1. Can you list the residues, at least 5 places off or on another chain, whose amide H is less than 5 Å from the amide H of Thr98, using H built in the peptide plane?
2. Got a sec to turn the phi values of the stretch 89-106 into Karplus ³J(HN,Hα) couplings, 6.51 cos²θ - 1.76 cosθ + 1.60 with θ = phi - 60°, whole Hz, x for Gly and Pro?
3. Give a residue-ordered list of calculated ³J(HN,Hα) values for the stretch 136-148 (Karplus: 6.51 cos²θ - 1.76 cosθ + 1.60, θ = phi - 60°; whole Hz; x for Gly, Pro).
4. Given 25 °C and 0.890 mPa s, how large is the Stokes-Einstein diffusion coefficient of the chain in µm²/s, with Rh as the Kirkwood radius over Cα pairs?
5. Around Asp148, which amide H atoms from residues at least 5 apart in sequence, or from another chain, sit under 5 Å from its own amide H, with H modelled in the peptide plane?
6. Would you grab the residues whose amide H sits under 5 Å from the one on Gly71? Only those 5+ places off in sequence or on another chain, please, with H modelled 1.01 Å from N.
7. Output the relative contact order of the stretch 1-159, whole-number percent, from Cα pairs under 8 angstrom with separation of 6+ residues.
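Bear in mind these aren't lab numbers, they're just calculated from the coordinates by the rules spelled out. As the structure is a computational prediction, the values presented were derived from the model and not from experiment.
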Amino acid sequence: MRYHNITTDDMLNGDGLRTVLWVAGCTHCCQGCHNPITWDIDGGIEFDEAAEQELFEKIAPDYINGVTFSGGDPLHPKNRDMVTELAKKCREKFPNKTIWLYTGYTFEEIKDLEVVSLCDVIVDGEFILAQRDPKLHWKGSSNQRVIDVRETIRLKKIVLFD
């Protein structure tokens with residue numbers, strides 16, 4: 001897997017202060033995307049052991065609420081295995097921190113992927129420029145959903161995160 005950046009103290013990509021892993025690779029190529037540089041699956045740099053260590057060091061402080069996987073698309077087919085493994089490691093190392101994931105796929109398309117059950121919140125759906133609304137919280141367009149994954153799995157119906 002390749003990535004573009006690891007940012008910390010982020011307040012825009014999930015609840016609380018977060019560390020964000022920006023992965024490379026996206027086939028959705030949404031018009032008006034705020035991060036088109038991440039579309040190329042071969043872009044960025046290789047996510048190696050040093051990058052993994054950096055990610056975990058940035059998640060570790062008590063004031064960080066959790067990790068957010070974004071990009072690109074963490075669920076691009078070439079990213080899925082590594083993002084799943086990282087989510088597992090985050091669950092083990094940081095059981096009290098939350099995992100958020102942004103994807104252009106709908107929940108219905110990805111619900112059976114292992115990584116879904118490891119997430120607390122998934123923001124799903126492609127960004128649609130005609131439905132863009134800068135007043136929306138944690139998403140860019142009104143078609144996207146901020147899904148409470150645990151409650152969605154428990155109730156077997158989509159439950160939105162407040």
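1. Answer set, sorted by chain and number: Gly66, Val67.
2. Once θ is set to phi - 60°, the couplings for the stretch 89-106 become 5, 5, 4, 5, 6, 10, x, 9, 9, 9, 10, 10, 9, 9, 8, x, 6, 7 Hz.
3. 5, 9, 6, 8, x, 9, 5, 6, 6, 10, 9, 9, 7
4. Result for D is 157 µm²/s.
5. Answer set, sorted by chain and number: Val159, Leu160, Phe161.
6. Val23
7. 20
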